[in-house]
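Please treat every number below as a calculation from the coordinates, not as lab data. Note that the coordinates shown come from a computational prediction; the quantities given were computed from them, not determined experimentally. Methodologically, a virtual Cβ is constructed for each residue, glycine included, from the backbone with ideal geometry; neighbour enumeration extends over all protein chains shown.
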Amino acid sequence: ARKHVSFGFGIHRCMGNRLAEMQLRVVWEEILKRFDNVEVVGEPLRTPSNFVRGYSHLPVRVTRK
């Protein structure tokens, strides 16, 4: 799961990478507590960049518990 270079590596590694990973884990734990289903319902739009591989738009449908 960590075979990406989003946070750099070696001496150039981001000092906040573990904090960011923990925040993402907590966010998903909280989302999954509140919703039964998270479903992608449309085509994602990627951020046009050679530096960052991210999404600028990702339509989803959530179903409450």
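Let me confirm something: among 19, 32, 24, which residue is surrounded by 11 or more Cβ atoms within 10 Å (Cβ to Cβ) and in a helix (DSSP H, G or I)?
Step by step, each of 19, 32, 24 is checked, and only 32 is surrounded by 11 or more Cβ atoms within 10 Å (Cβ to Cβ) and in a helix (DSSP H, G or I).
Would you call residue 11 surrounded by fewer than 11 Cβ atoms within 10 Å (Cβ to Cβ) and either touching a Ser or Thr at 6+ places or on another chain (Cβ under 6 Å) or among the hydrophobic types (A, V, I, L, M, F, W, C) (or both)?
Working: surrounded by fewer than 11 Cβ atoms within 10 Å (Cβ to Cβ): yes; either touching a Ser or Thr at 6+ places or on another chain (Cβ under 6 Å) or among the hydrophobic types (A, V, I, L, M, F, W, C) (or both): yes.
Yes; evaluated as a whole, the condition is true for this residue.
Quick one: in the stretch 42-51, which of the residues that are of a type outside the set (D, E, K, R) and surrounded by fewer than 10 Cβ atoms within 10 Å (Cβ to Cβ) is farthest from residue 7 (Cα to Cα)?
By that ranking, first place goes to 48.
Has the stretch 50-60 got any residue that is under 14 Å from the mean Cα position of the chain (by Cα), part of a helix (DSSP H, G or I) and of a type in the set (A, V, I, L, M)?
Checking the stretch 50-60: not a single residue is under 14 Å from the mean Cα position of the chain (by Cα), part of a helix (DSSP H, G or I) and of a type in the set (A, V, I, L, M).
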